[in-house]
1. Divide by every residue of the chain the summed helix terms, -39500 (n - 2.57) for each DSSP H run of at least 4, and state the resulting mean residue ellipticity at 222 nm, rounded to the nearest 500 deg cm²/dmol.
2. Restrict the search to segment 105-149; then list the GluC sites (Glu not before Pro) that DSSP places in a loop and that have at most 16 other Cβ atoms within 10 Å of their Cβ.
3. For LYS44, go through the lysines and keep the ones whose alpha-carbon is under 28 Å away, minus same-chain ones fewer than eight residues off.
4. Determine the alpha carbon to alpha carbon distance for each of LYS87/LYS126; LYS78/LYS126; LYS2/LYS23; LYS2/LYS87; LYS2/LYS126 and list only those over 19 Å.
5. If each residue of separation counts as 0.36 nm, what is the full-extension length gain between LEU42 and GLU103 once their alpha-carbon separation is subtracted?
6. Using a basic spin-label model with each label point 7 Å from the Cα along Cα→Cβ, how many nm lie between HIS77 and ASP121?
7. 7 Å from Cα along Cα→Cβ at both ASP219 and ASN159: what's the point-to-point distance in nm?
8. Go ahead and set up a Gaussian network model of the chain, Cα springs under 10 Å, then flag whichever of ASP50, ASP121, ASP74 fluctuates most.
Amino acid sequence: MKIEVLTLFPEMFEALNVGILKKAQQNKLFELNVTNIRDYSLDKHKKVDDTPFGGGAGMVMTPQPLHDAINAVDKDHKCLRIYLSPKGETLSQNLVKELAKEENIMFVCGNYEGIDQRVIDLDIDKELSIGDYVLTGGEMAAMVTINAVSRYIDGVLGNSESTNEESFSDGLLEYPQYTHPQVFEGLEVPEVLLSGNHQNIAKWRHEEQIKITKERRPDLLK
Ligand code: 4FV
């Protein structure tokens, strides 16, 4: 998978160059290219924002730098072009799995009050939200999405990890996890997990999933 990111703050994406995502890039499991939108501004002062028509607080990103950056980086429109916005479809594990099937994805990160609507109309394929709150910029939303999607790229998770049994993978929240020591601060690991009886362990884990999901996310059970 090739991931293109357009942002005013390329340095923020250094956060993806650590841990398993760094290793995955080194192993060429996916490619991450980050472009500074400001490099495409034709303004003599490299301006990329201006006041909103109709008044209102804050600034809006001007269309020319964005439009030119998008079409220079993705000249043949091979990318699924995603703009991060509270107005978009809310990210979910199912949508993550769908995005993981794409060969090329471009994340366009707005800042300030957002971007000129004409860029969305002309150049964007999908608006995507990571939740019902407002951020100062789309960069962290892009990183959250890239992180979640990358877990579904073959080879990114080691053999010991899997996307099979985790929250939302079967529509339920995940069962509680325990590791060594067997007793910690006087609290013991549930006996069944020490039994070696895999059928009973699986039964206990599913029962825990149902219990936790009923308590915390009954909406998932519908
Ligand atoms: C956001 C979200 C988000 C809105 C204006 C960036 C900001 C600024 N993106 N999920 N929630 N974006 O708040 O994705 O341009």
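None of the figures in this text is laboratory data; all of them are computed from the coordinates on show. These figures come from a predicted structure and were not determined experimentally. Reconstructed Cβ throughout: ideal geometry from the backbone, glycine too, with neighbour counts over all protein chains shown.
1. That comes out to -8500 deg cm²/dmol.
2. Within segment 105-149, the qualifying GluC sites (Glu not before Pro) (loop, at most 16 other Cβ atoms within 10 Å) are GLU113.
3. LYS75
4. Violating the 19 Å Cα-Cα cut-off are LYS2/LYS87.
5. Residue separation times 0.36 nm, minus the Cα-Cα distance, leaves 18.9 nm.
6. Those two pseudo-labels are separated by 1.6 nm.
7. In this crude label model, ASP219 to ASN159 measures out at 4.0 nm.
8. ASP121
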